[in-house]
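**Q** Quick one: structure below, then a few questions.
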There are 2 protein chains.
Amino acid sequence: MKMRSLVRTNFLSRWNSVISKGHVPVALSTSLQDRFRVWDNKALFLAGLGLSAIGMTMLDDNMTQLESAPIENKEESNEVEIKITPGEFKADLPTYTLAQVNAHISAKTDGIWVVYKNGVYDITKFIAAHPGGTKILLASGKSIEPFWQIYAAHNHGDVHKILEGLRVGNLDPVDVKALEEERVKKFGAGPYANEPMRHPAMKINSNQPFNAEPPPELLMETFITPNDLFFIRNHLPVPDIDINQHKIEISGIGFGQDGISLSVEDLKTTFKQREVITTIQCAGNRRAEMSQIKQVNGLSWDTTALSTAKWTGVYLSDILAFYGIVDEDEVGIKHCHLEGLDRDITGQAYGASIPIATALDKRKEVLIAYAMNDEPIPRDHGYPLRAIVPGTVGARNVKFLGRIILSDEEYQGFWQQKDYRGFPPNVDYSTQDFHRFAGASIQELPVQSAITEPRTGQTWPLEGSEEVDVMTVKGYAWSGGGRNILRVDVSLDNGQTWQEATLAPEATAQRYGRAWAWTPWTLDIDIPDDIDHLDVVVKAIDSSYNVQPDTINPIWNMRGVLNNAWHRIHVPIQKPLREKDDDEDE
Amino acid sequence: MKMRSLVRTNFLSRWNSVISKGHVPVALSTSLQDRFRVWDNKALFLAGLGLSAIGMTMLDDNMTQLESAPIENKEESNEVEIKITPGEFKADLPTYTLAQVNAHISAKTDGIWVVYKNGVYDITKFIAAHPGGTKILLASGKSIEPFWQIYAAHNHGDVHKILEGLRVGNLDPVDVKALEEERVKKFGAGPYANEPMRHPAMKINSNQPFNAEPPPELLMETFITPNDLFFIRNHLPVPDIDINQHKIEISGIGFGQDGISLSVEDLKTTFKQREVITTIQCAGNRRAEMSQIKQVNGLSWDTTALSTAKWTGVYLSDILAFYGIVDEDEVGIKHCHLEGLDRDITGQAYGASIPIATALDKRKEVLIAYAMNDEPIPRDHGYPLRAIVPGTVGARNVKFLGRIILSDEEYQGFWQQKDYRGFPPNVDYSTQDFHRFAGASIQELPVQSAITEPRTGQTWPLEGSEEVDVMTVKGYAWSGGGRNILRVDVSLDNGQTWQEATLAPEATAQRYGRAWAWTPWTLDIDIPDDIDHLDVVVKAIDSSYNVQPDTINPIWNMRGVLNNAWHRIHVPIQKPLREKDDDEDE
């Protein structure tokens, strides 16, 4: 039930715009209009249109973000839910065989039909309004169930209602049974049935794929994050890999026709073992704040889509040097692809690429890691091998690493080409051909900091027993590219004056330009008399003297990534109970 | 005469605060009070106090900045100047021999005396108020003339007046003659007599040492700046070096007892020739804007304390590798000192250091350069050898390079230890022991951009002949550490909405992470109807997605360095003359 409310905001607004646009048959549309809240948000309305234009490549991400919105619609919680079970047999409709459905694959002739359990649906008029774009066409004339199993956000009552609004018939029971047998054979109990256990303290932003961040108070208790509390950002189901069978393939420029393959044991016995302590941060960290300015598209991460671990493995630069590849200028390589073994239903793996200079530079310390905090890497974090690219966005720290390819072009997969790029603030889903403005792929991240304690909105009770009440403020700072944190400034007056926080010694001891791990910080603030709240602001400065921007608005982007504006919290101050109120007159 | 007004603002305000504080003898103080403007600037008042605390090491910088303030006090231009010729013989005063003056070197016993030409002065009570700090004590019992020749800002009527207020006698004419003969023998016509010629278009921020920036319109005409227009930042007189005699010394860790020395010819014949196109930027670029927020200490650079050149030379990493130094972790080196052959009167050379990883990393392309834009490096830019440290603050691109020392500590000279560091915004000259907060030495610079055309305040005349009047806005963007410029955003509404500028192709063709040269940009703005001005704002984004901060206030620092806030210009719009005013009613 909790997930139902978690997914509501984004989901309803997206689909409500679909309905407003009139793409859904009238009979359905009317009942949904009554049922849905009316959202006064032009951006979201336009988002619905824009998404249908971008095509199939956007679906993965759009769908995962449906589970991302914060709990907002508490006023809806007492509404009566009208349950619809999609795909139930309906006696008043005609029956079609799968062969007949298979023939409906053209909008121009017979229309486009799909199957869901016992139901047959005509989606022809719906395609343009589908928030996931034209990827829906992959199911033309077929069952949509395998797709819904990957993109689990479809398993929601409101989607079910829209689907039933497109219903044209029943599928022949013989075909229903055959399809179900085929489905079970292919997917077992579903692609997400074999996910690992997760720590109950994690705040879940999406269940399928699983995305979760630790509570800030727990995260900042240690410099190295315990594996169980390390934030989890999965794009697809977690694969189940036999470490004894697993070989990493290395191919592309410099590796001849066939490339090579190395077992985990080969890595351990052939190359020098290296250790790197890095903080990995998701590009979407602090997206929730950005969406408060104007709605963005993506999982609603708060301030803890980052964690720190000690990784053990071998330098990628050592491996490449072993095979004679040292200087990118000599061999003409421009990019190093890193491809995982997690795949979507079309067989597309999660993959990314990094600039070849990053891969070859021993001072960048790119690791093929086989241990995380002295344990085999947990499945959620990339078992058995993970690419660790220190100082670089989490998305390039590819898990379940299966292939490394040296190339003269960037990785062509969705998450390198269409996502994890920096859109300009003037581009949103209403912009014609917005994907043209996607900007460069995100690699090194900018300087960042956030307050983790107290949380915004959390009341701070005054002791009232001391001369001056003190509030201990804690947080982290970090910068990409190994840039050390030089200073963390805290302000109580929106940046007019600043106090300098104390930085963790483990952090300040890091080498110049190779400060891959974060800088936890703390500051005791004297709470002024007679105030009922404190607004606390933090900003950090890195070793290139880059600073965080004052405000979010000028860095707003439609994907909600790269939010590194000053972090601000609002803390109500609770006065102590007084024995005698007339003390004030003394 | 122009220089007189250039130096006025900072100078008077500094010394006025000296007088307000009562450190100057009363007889002088009264006349000066009448003469000087009263400055309502607490920061400057406190600056005077703070400077006396920091001690001798600050003098170099304080003095060079006296010539730095913008022309502001136009209302003063009609005032009658009372000329004082310092050091003239005064018949009503007693005569002292140099031996007697030499004996006055203790504030506790006989007081501290100094000599200037024919004059003898008791500076005992003035020391605490001296804006240059206790470095004045170097002249105890001696002539101050050699110091004034280096720190030419003393050659100013108001300083002369203060000096004469401290007058206690005449120097024995025999000693006057002897001192003058010694001075000429040592300095010839003065240390600045042998400066090179400079281009008349340069805007001079200080004459001795010479500091000047090119007009923005000329600077941005070419991607590579002509040598004559390259901004000049000298800390000391320009040395005159015989290239045939010159040998660079390399010593320190890894170079044994004696080190090595290499002639320019040795460099050319032993190592591979390399070319690097870099933009060099002064840490104080755009200081003038920062001082509008609150007075800072330093030369008043506008937006063009940066330029771009092609440098030819050899990689420092190639030289060090030749002598077996490749991996900093193996040899225990932490810093690479770079020392020039320009020296102050105490014999202290200009010097700096860079992290050893920067020096050893071939991808950082640190160069020992012998040519600038295919010519021998001009004297103002470091003849015959200059360290080029791409992506790093100008101050570490040491000119007239004489020595390289590998060390486990930073260079200990003034400009590495006391200057070119980032003070926090909450620290100014009123802060007790402010030098404790000096921050890390500036190395890589943060992302930067500025508008060079039109200039702020420059009226833009509307053509009135076209459908829409267009204003072409030009400028540059650049980031330290080789980080490419991804985007330049321009706003006409203080950052609410943005337009994307067009970037120069020479700039965008630079390699990832090795974009040492700037990114010129241009944008045609449609001028809205019926406005009388435009406020234009620019910000840039680099390949780590670092952005510029919105405002200057939160990055303000007492040295006025590292100003990379959004650059803003105000452009009055001049309407075209209309033939018929009643056209508007049609």
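The values are calculated or read from the model by the stated rules, or taken from the named source; none is laboratory data. Since the structure is predicted, the reported quantities are computational estimates derived from the model, not experimental observations. Positions of Cβ are backbone-derived with ideal geometry, glycine not excepted, and every protein chain shown enters the neighbour counts. Each accessible area value is taken on the protein alone, full model and side chains, heavy atoms only, with ligands, DNA and RNA left out. Shrake-Rupley method; radii C 1.70, N 1.55, O 1.52, S 1.80 Å.
**Q** Residues that are more than 30 Å from B:Ile485 (Cβ to Cβ), in contact (Cβ under 8 Å) with a residue 24 or more places away in the chain and more than 8 Å from chain B (Cβ to nearest Cβ): which strands (runs of 3 or more DSSP E) entirely in segment A:442-561 hold 3 or more of them? Working first, answer last.
**A** On the way: elements: A:448-453, A:470-478, A:485-491, A:519-526, A:533-542.
Answer list for segment A:442-561: A:448-453, A:470-478, A:519-526, A:533-542.
**Q** Can you pull out the residues in segment B:248-286 that are among the small types (Gly, Ala, Ser) and open to solvent by 50 Å² or more (accessible area, probe 1.4 Å)? Even if it seems obvious, please write down each step before you answer.
**A** Pass one, segment B:248-286, residues among the small types (Gly, Ala, Ser): B:251-252, B:254, B:256, B:259, B:261, B:263, B:283-284.
If the condition is that a residue be among the small types (Gly, Ala, Ser) and open to solvent by 50 Å² or more (accessible area, probe 1.4 Å), then B:Gly254, B:Gly256, B:Ser261 are the ones that fit.
**Q** So how many residues does segment B:299-357 have that are open to solvent by 30 Å² or more (accessible area, probe 1.4 Å) and under 30 Å from B:Pro214 (Cα atoms)? Steps first, please.
**A** To start, the set of residues in segment B:299-357 that are open to solvent by 30 Å² or more (accessible area, probe 1.4 Å) comprises B:302, B:310, B:318, B:321-324, B:326-327, B:329-332, B:334-335, B:341, B:343, B:345-348.
Subsequent filtering for residues that are under 30 Å from B:Pro214 (Cα atoms) retains B:302, B:310, B:341, B:343, B:345, B:348.
Of the residues in that region, 6 qualify.
**Q** Take the conditions touching a residue at least 24 places away in the same chain (Cβ under 8 Å), within 14 Å of chain B (Cβ to nearest Cβ), in a loop (DSSP other than H, G, I, E, B) and open to solvent by less than 10 Å² (accessible area, probe 1.4 Å) and apply them to A:Val427. Does it pass? Working first, answer last.
**A** Values: touching a residue at least 24 places away in the same chain (Cβ under 8 Å): yes; within 14 Å of chain B (Cβ to nearest Cβ): yes; in a loop (DSSP other than H, G, I, E, B): yes; open to solvent by less than 10 Å² (accessible area, probe 1.4 Å): yes.
For A:Val427, the condition - touching a residue at least 24 places away in the same chain (Cβ under 8 Å), within 14 Å of chain B (Cβ to nearest Cβ), in a loop (DSSP other than H, G, I, E, B) and open to solvent by less than 10 Å² (accessible area, probe 1.4 Å) - is met.
**Q** If you go through segment B:562-574 one residue at a time, how many are within 12 Å of chain A (Cβ to nearest Cβ) and modelled with pLDDT under 95? Working first, answer last.
**A** Step one: list which residues in segment B:562-574 are within 12 Å of chain A (Cβ to nearest Cβ), which gives B:562-566.
Within this subset, residues satisfying the condition of being modelled with pLDDT under 95 are none.
Total meeting the criteria: 0.
**Q** Answer with yes or no whether B:Ile243 is in contact with a strand residue (DSSP E or B) (Cβ under 7 Å, 6 or more places away or on another chain) and either open to solvent by less than 10 Å² (accessible area, probe 1.4 Å) or not assigned by TED's automatic domain parsing to the domain that holds B:Pro554 (or both). Please lay out each step first, then the result.
**A** Numbers: in contact with a strand residue (DSSP E or B) (Cβ under 7 Å, 6 or more places away or on another chain): no; either open to solvent by less than 10 Å² (accessible area, probe 1.4 Å) or not assigned by TED's automatic domain parsing to the domain that holds B:Pro554 (or both): yes.
No; evaluated as a whole, the condition is false for this residue.
**Q** So, in segment A:179-229, exactly how many residues are open to solvent by less than 50 Å² (accessible area, probe 1.4 Å) and touching a residue at least 12 places away in the same chain (Cβ under 8 Å)? Let's see the steps before the verdict.
**A** Residues of segment A:179-229 that are open to solvent by less than 50 Å² (accessible area, probe 1.4 Å), as a first pass: A:179, A:183, A:187-188, A:190-192, A:195-196, A:201-202, A:205-206, A:209-216, A:219-220, A:223, A:225, A:227, A:229.
Subsequent filtering for residues that are touching a residue at least 12 places away in the same chain (Cβ under 8 Å) retains A:179, A:183, A:187, A:190-192, A:195-196, A:201-202, A:205-206, A:209-216, A:219-220, A:223, A:225, A:227, A:229.
Residues meeting the conditions: 26.
**Q** Still on this structure: Quick one: would you say A:Asp433 is over 23 Å from the mean Cα position of the chain (by Cα), surrounded by fewer than 17 Cβ atoms within 10 Å (Cβ to Cβ) and away from chain B (no Cβ under 12 Å)? Quick ask: steps written out before the conclusion?
**A** Numbers: over 23 Å from the mean Cα position of the chain (by Cα): yes; surrounded by fewer than 17 Cβ atoms within 10 Å (Cβ to Cβ): yes; away from chain B (no Cβ under 12 Å): yes.
Judged against the criteria, A:Asp433 is a match.
**Q** If a residue has to be among the β-branched types (Val, Ile, Thr), touching a Pro at 6+ places or on another chain (Cβ under 8 Å) and at pLDDT 95 or above to count, how many in segment A:239-258 make the cut?
**A** Filtering segment A:239-258 for residues among the β-branched types (Val, Ile, Thr) gives A:241, A:243, A:248, A:250, A:253.
The next check asks that each one be touching a Pro at 6+ places or on another chain (Cβ under 8 Å); those that pass are A:241, A:243.
The next check asks that each one be at pLDDT 95 or above; those that pass are none.
Summing the residues that are among the β-branched types (Val, Ile, Thr), touching a Pro at 6+ places or on another chain (Cβ under 8 Å) and at pLDDT 95 or above in segment A:239-258 gives 0.
**Q** Report yes if some residue within segment A:411-421 is closer than 17 Å to A:Val296 by Cβ, part of a strand (DSSP E or B) and open to solvent by 10 Å² or more (accessible area, probe 1.4 Å); otherwise report no.
**A** yes
**Q** Whether any residue in segment B:371-380 is open to solvent by 20 Å² or more (accessible area, probe 1.4 Å), over 26 Å from B:Pro446 (Cα atoms) and assigned to a loop (DSSP other than H, G, I, E, B) is what I want to check. Give the steps one after another, and end with the answer.
**A** Within segment B:371-380, the first condition is being open to solvent by 20 Å² or more (accessible area, probe 1.4 Å), and the residues that meet it are B:373-376, B:378-379.
Checking the rest, the ones that are also over 26 Å from B:Pro446 (Cα atoms) come to B:374-376, B:378-379.
Then keep just the ones that are assigned to a loop (DSSP other than H, G, I, E, B); that gives B:374, B:378.
Yes: one or more hits.
**Q** Any residue in segment B:64-75 that is surrounded by fewer than 21 Cβ atoms within 10 Å (Cβ to Cβ), at pLDDT below 95 and among the aliphatic types (A, V, I, L, M)?
**A** So in segment B:64-75, the residues surrounded by fewer than 21 Cβ atoms within 10 Å (Cβ to Cβ) come out as B:70-75.
Adding the requirement that they be at pLDDT below 95 leaves B:70-75.
Filter once more, keeping what is among the aliphatic types (A, V, I, L, M): B:71.
For segment B:64-75, residues surrounded by fewer than 21 Cβ atoms within 10 Å (Cβ to Cβ), at pLDDT below 95 and among the aliphatic types (A, V, I, L, M): present.
**Q** Given the residues A:Phe231, A:Phe210, which is the only one that is within 24 Å of A:Asn397 (Cα to Cα) and out of contact with any Cys (no Cβ under 9 Å at 6 or more places or on another chain)?
**A** Details: A:Phe231 fails: out of contact with any Cys (no Cβ under 9 Å at 6 or more places or on another chain).
Being within 24 Å of A:Asn397 (Cα to Cα) and out of contact with any Cys (no Cβ under 9 Å at 6 or more places or on another chain) holds for just one of A:Phe231, A:Phe210, which is A:Phe210.
**Q** If you check every pair at least six apart or on different chains, which have Cβ atoms under 6 Å apart with a residue in segment A:376-389 that is more than 13 Å from A:Gly313 (Cα to Cα) first and a residue that is in a strand (DSSP E or B) second?
**A** A:Asp380/A:Ile232; A:His381/A:Met372
**Q** Give me a count of the residues in segment A:91-118 that are among the hydrophobic types (A, V, I, L, M, F, W, C), in a strand (DSSP E or B) and over 11 Å from A:Asn170 (Cβ atoms). First the steps, then the outcome.
**A** Of all residues in segment A:91-118, those among the hydrophobic types (A, V, I, L, M, F, W, C) come to A:91, A:93, A:98-99, A:101, A:103, A:105, A:107, A:112-115.
Now restrict to residues that are in a strand (DSSP E or B): A:105, A:112-115.
Keeping just the survivors that are over 11 Å from A:Asn170 (Cβ atoms) gives A:105, A:112-114.
Residues that pass the stated criteria total 4.
A quick yes/no check of all residues on (1) more than 26 Å from the chain's Cα centre (by Cα); (2) among the aliphatic types (A, V, I, L, M):
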residue: B:Thr502; (1), (2): yes, no
residue: B:Thr508; (1), (2): yes, no
residue: B:Ile525; (1), (2): yes, yes
residue: B:Val536; (1), (2): yes, yes
residue: B:Gln548; (1), (2): no, no
residue: B:Asn553; (1), (2): no, no
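**Q** Given the conditions (1) touching a residue at least 12 places away in the same chain (Cβ under 8 Å); (2) open to solvent by 20 Å² or more (accessible area, probe 1.4 Å); (3) of a type in the set (D, E, K, R), and given that B:Asp361 satisfies all but one, which numbered condition is not satisfied?
**A** The failed condition is (2).
**Q** Another question about this same structure. Looking at segment B:177-195, which of the residues that are modelled with pLDDT of 80 or more, of a type in the set (A, V, I, L, M, F, W, C) and assigned to a helix (DSSP H, G or I) is nearest to B:Ile144 (Cα to Cα)? Can you show your working first?
**A** Quick first cut of segment B:177-195, residues modelled with pLDDT of 80 or more only: B:177-182, B:191-195.
Remaining after also requiring of a type in the set (A, V, I, L, M, F, W, C): B:178-179, B:193.
Add one more test, that the residue is assigned to a helix (DSSP H, G or I), and what stays is B:178-179.
On the way: B:Ala178: 15, B:Leu179: 11 Å.
Step by step, filter segment B:177-195, then rank; the result is B:Leu179.
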